Amino acid sequence: MFSRHWTRTVLSGALVVLLLSGAPGRVAAQELNCTVSVDYSQLSGSDFSFLSELERRVEEYLNEHRWTEDRFREVERIDCSFEVLLQEAVSLTEFRARLVVATLRPIHGSTQSSPVIQLNDSQWRFRYARNTPLVHDLESYDPLTSMLDYYAYLILGYDYDTFSERGGTPYFEQARRVADRARSAGGNGWSQLGGSPNRSELITQLLDPQYRALRMAYFNYHFGGVDRFVRETETARSNVLSVLQDLQTLYREVSRTHALDMFFGAKYQELTAIFEGAPSSAQAYGILSDVDPSHLSEYNQLVN
C-alpha cells in the first residue's frame, strides 16, 4: 500500500485533467499548494480596490500554515484553488461572497491527475478592512478565517482518504470542531437547520459510520481504480464498478446525499471517460443514472 507521501507528478493527461497553476516553490514545503483569486468586480458604489490585497493574504494563510504533523516534500503538496467571488457589499468592510474550491490528486505512475473536490459554497458573509492580518486561532470563531480553516481541513481529509482507508478522519474531525464552534456562534452557512446543504451537514455525514462506504470509496476508487488504469485498464474498471455498486447501495439507504453528491460532482466527467467504450459501459450507466441523475447528459455518452 502507498504511504500518503509518494512523489507527486506533473499534472496533465488524457483522462480528465483539471489544470491549476501552482504557487512559487518554497524551501520548507507545507501541505497546501493553493492558488487564490478574489473577484470584486460585482461590487459598486465605493472603492473596493483594497480587496486585491485579500488574495495575497488568503493565499499566504493557506499555504504557509502547517496544518498537520506530517512532513511534505514540495512535490507532495496538495494542489488546490480557492476562488472568492464577492457578490454584495453589506457595508464598506462586510461582504457576502461565494467560494469555489477545487483540489487535485496525482495518479500514481502517470502524468495524469484526478479531481477530488469541486464545490460551490454560496453562503459566506465576512468582514475585511484594509491591511487586516489574518490570524490563525482555532479557539475562536471568525467568519473569514474559520471558513478557510474548515476548507483547509476538509481538503486534507479528502486527500488523505484517497491514500489510505479513512485516513482523513483526524482532519475531518478538526473540520467538525471548526464547524461546531461556528454554528454555536451563529455563523452564516453553518446551521444544520433548513433544507439546503451546509458545511455542518457535510462534515457530519463524512464522520457518520453510516457513510463508511463513501469514505472507503475514495480510497478504493483511487488506489484500485485510477492508480491502476493505465497498466491494468480492465481490472481498474472492475474495481471502479465495485465502488459504484457500493455507493448505489448507500444511496438507497440514506435520506441525505450531500456527501455523495460531492463525490459525483467531482468525478462525473472522469467516470464517463473511464467507462466510455468499455464492455461494462451499460452496467456503469445503469448505476450512474440512478445515483447521479443530475449529470445524466454526461453519462448518456456511455450508451449513445
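Taking the alpha carbon gyration tensor of the chain, multiplying each eigenvalue by 5 and rooting it gives semi-axes of 33, 22, 19 Å, largest first. Within the chain, DSSP assigns beta bridges of which about 70% are antiparallel (rounded to the nearest 5). Debye-formula intensities of the range 210-304, expressed as log10 I(q)/I(0) at q = 0.18, 0.19, 0.21, 0.22 Å⁻¹, are -0.75, -0.84, -1.04, -1.14 (one equal scatterer per alpha-carbon, no solvent).
Over the range 118-273, the Kirkwood radius and the radius of gyration, each from Cα atoms, give a ratio Rg/Rh of 1.03. By the beta-carbon count within 10 Å of each Cβ, the least crowded to most crowded order of 287, 203, fewest first, is 287, 203. With the alpha-carbon atoms of the range 27-111 aligned to their principal axes, the span from lowest to highest coordinate is 51, 25, 17 Å, starting with the largest.
How far is helix 52-64 tilted off the main Cα axis of the chain, in degrees rounded to 10, range 0 to 90? On a 0 to 90 degree scale, this one is about 60. As a rough footprinting exposure proxy, the listed residues 190, 67 were ranked by other beta carbons within 10 Å of their own, and the order from fewest upward is 67, 190. Packing-based ranking of 174-182, 275-283 yields 174-182, 275-283, ordered from highest to lowest mean Cβ neighbour count within 10 Å.
Helical content alone sets the calculated 222 nm signal of the chain at -12500 deg cm²/dmol, taking -39,500 (n - 2.57) per DSSP H segment of four or more residues and averaging over every residue.
Assuming charge only on the beta carbon of Lys and Arg (+1) and of Asp and Glu (-1), the dipole of the chain about its Cα centre is about 240 debye to the nearest 20. With a Förster radius of 25 Å applied to the C-beta separation of residue 282 and residue 258, the computed FRET efficiency comes to 0.30. By the count of neighbouring beta-carbon atoms within 10 Å, fewest first, 291, 90, 240 end up ordered 90, 291, 240. What whole-number distance in Å separates the alpha-carbon centres of the range 43-59 and the range 109-173? Between the Cα centre of the range 43-59 and that of the range 109-173, the gap is 21 Å. For the pair residue 100 and residue 242, the difference between a 0.36 nm per residue extended length and the Cα-Cα distance amounts to 48.1 nm.
Just so you know, all these numbers are worked out from the coordinates, no wet-lab data involved. All of these numbers come straight from a predicted model, not from anything done at the bench. We place every Cβ from the backbone using ideal geometry, glycine too, and count neighbours over all the protein chains shown.
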